[in-house]
Protein chains: 2
Amino acid sequence: MMEQRPVILVTNDDDITAPGIHALVEAVKPLGKVVVVAPDRPQSGKGHAITLGVPLRLDQVDLFGDIEAYQCSGTPVDCVKLARDKILHGPPDLCVSGINHGANHSINVIYSGTMSAAMEAAIEGIPSVGFSLLDYRFDADFSLAGQVARNLSRYLLEKPLPYGTLLNVNVPIIPAAAVKGIRLCRQANAKWVEEFDERTDPQGKKYYWLTGEFENLDEGEDTDVWALEHGYVSVVPVRFDLTHYELKQQIAKDWPF
Amino acid sequence: MMEQRPVILVTNDDDITAPGIHALVEAVKPLGKVVVVAPDRPQSGKGHAITLGVPLRLDQVDLFGDIEAYQCSGTPVDCVKLARDKILHGPPDLCVSGINHGANHSINVIYSGTMSAAMEAAIEGIPSVGFSLLDYRFDADFSLAGQVARNLSRYLLEKPLPYGTLLNVNVPIIPAAAVKGIRLCRQANAKWVEEFDERTDPQGKKYYWLTGEFENLDEGEDTDVWALEHGYVSVVPVRFDLTHYELKQQIAKDWPF
């Protein structure tokens, strides 16, 4: 009797040509049957956007050797929905997203297309994880991140998380030998302080470029930002039930309505 | 000595011409100095997307009588960021988003541009709330939702929530006299089951329309979906710290890394 190999869906937000997704495919290839469905153009910062009012395109591409791969004209979340409905015709055993070029720790989990793709899979009941490397460069070295991705993907295939959860994994830019461990963390309390760059076009009309500085407001030593600054890979268990239960109890005490 | 009136930022995702945002402006006008910054085109389902790689436009418009108003070419989250940095030059006392044409209960909080705008304000430390009416129609009756928006906005101005939280308010389509109350709830566990509508274009190439059916997986009587089905306005306290603390503790017990 043949053993059934697990089906692993690979996606990202940097687009299907990004070195990060190629590193991820290489990392998880030994673990199962890999299928890639990823955006045909950069989708960074798209959060949990879906495409409404515009139809989607899906084209098979030959970019990963013998691995089945499709590019999609939509957002990372669209990719996961289309993969499940039109390519896999059911849930894969694991969804891995990334490896993102750049950090998705702390508040970035909210803006990240990479993490939203992983979250969409989790909403659909699929064990799911997003990987990010703290290096924006096209020619970043993904060897450590790939190793981490393989180990954590194997872990998730062996011990799927309970429904309603996924993992957010960030990898620092340090040599593999210097890594102190893979540390379970909470999301650091942080934000982006915006300063729009205001310019004037040749017609004399103003326009604005979004720009900003990251501000960590959290001094805790149990956060993802702390771990990454201290030589660890950070892993945050993430949920999509956004209810603030403690606050709900607290304001119920003198709820006037 | 003159009393300082609170500054209230109004935004939405349906766009600045939608009847829902006009109803919201009317609702909160008696409570402070209102400034509107909203998208110049529909932005439903944009989640927490921000605009990267493309500059933004911001134009003052005369759509709300004597109320200062601007339309923005970006997403709902962009609107809040631009409003704070380029129009208000600091945080308003309250951000209200909506009134959305259509439900944003349960998992819809994740996809909704209306709720993401409110969440962005909360990330920036601004007391914040999103309002939605369970009626998609352009000519929906916003009178009950407007009343609810005024009462809850007044409540938030008097008792700001602690940092890190916002409210998600949904209003059922029933006569005001039939409303049983405004009920504190948790987010129902629910999802959309996608079935993409596959078509062929005149060139013989396939394309896909996103379509789906809402599926409530939650039988609890403390959820927003339950409340709305039973004659209540639902209010869910929402957080943007996505850490799953219970799971973190649980998997830490035999974390192998």
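The residues of the range B:12-59 that are on the phi > 0 side of the Ramachandran plot and within 9 Å of another protein chain (Cβ to nearest Cβ), listed by number, are B:Gly45, B:Gly47, B:Gly53. Candidates B:Glu219, B:Glu215: the one that is of a type in the set (D, E, K, R), more than 9 Å from chain A (Cβ to nearest Cβ) and outside any strand (DSSP E or B) is B:Glu219. Under the condition of being over 13 Å from B:Ala69 (Cβ atoms) and in a strand (DSSP E or B), the residues counted in the range B:1-41 number 1.
Taken together, the residues in the range A:155-174 that are surrounded by fewer than 16 Cβ atoms within 10 Å (Cβ to Cβ) and out of contact with any Leu (no Cβ under 6 Å at 6 or more places or on another chain) amount to 7.
Check whether at least one residue in the range B:155-167 is at pLDDT 95 or above and closer than 24 Å to B:Pro42 by Cα, and report yes or no. For the range B:155-167, residues at pLDDT 95 or above and closer than 24 Å to B:Pro42 by Cα: present.
For the range B:30-88, a tally of residues being among the β-branched types (Val, Ile, Thr), within 19 Å of B:Ser153 (Cα to Cα) and without any contact (Cβ under 8 Å) to a residue 60 or more places away in the chain returns 5. The set of residues in the range B:195-204 that are at the interface with another protein chain (Cβ under 8 Å from one of its Cβ atoms) and either in a loop (DSSP other than H, G, I, E, B) or under 21 Å from the mean Cα position of the chain (by Cα) (or both) comprises B:Glu195, B:Phe196. Considering the range B:158-194 alone, what residues qualify as being part of a strand (DSSP E or B) and β-branched (Val, Ile, Thr)? B:Thr165, B:Val169, B:Val171, B:Ile182, B:Val193, listed by residue number. Pull up the range A:199-225, narrow it to residues that are in contact (Cβ under 8 Å) with a residue 24 or more places away in the chain and closer than 19 Å to B:Trp255 by Cα, then point me to the one that is surrounded by the most Cβ atoms within 10 Å (Cβ to Cβ). Ranking the qualifying residues of the range A:199-225, first place goes to A:Asp224. Only one entry in A:Gly130, A:Gly125 is facing chain B (nearest Cβ under 10 Å) and among the small types (Gly, Ala, Ser), namely A:Gly125. Please work out which residue is farthest from the other protein chains (Cβ to nearest Cβ), limiting yourself to the range B:137-192 and to residues that are closer than 26 Å to A:Asn189 by Cβ and aromatic (Phe, Trp, Tyr). Residue satisfying both the conditions and the ranking: B:Tyr163. The numbered conditions (1) over 28 Å from A:Trp192 (Cα atoms); (2) touching a residue at least 60 places away in the same chain (Cβ under 8 Å) are all true for B:Phe196 except (2). In the range A:99-115, the residues that are within 11 Å of A:Phe131 (Cβ to Cβ) and more than 10 Å from every other protein chain (Cβ to nearest Cβ) reach residues that are assigned to a strand (DSSP E or B) and modelled with pLDDT of 95 or more with C-beta atoms within less than 6 angstrom, at least six apart or across chains, in these pairs: A:Ile99/A:Phe131; A:Ile99/A:Leu133; A:Asn100/A:Ser132; A:Asn104/A:Ser132; A:Thr114/A:Ser97; A:Thr114/A:Gly98; A:Thr114/A:Asn100; A:Thr114/A:Gly130.
The values are calculated or read from the model by the stated rules, or taken from the named source; none is laboratory data. All values derive from a computational prediction rather than experimental measurement. For neighbour counting, all protein chains shown are included, and Cβ atoms are generated from backbone atoms with ideal geometry for every residue, glycine included.
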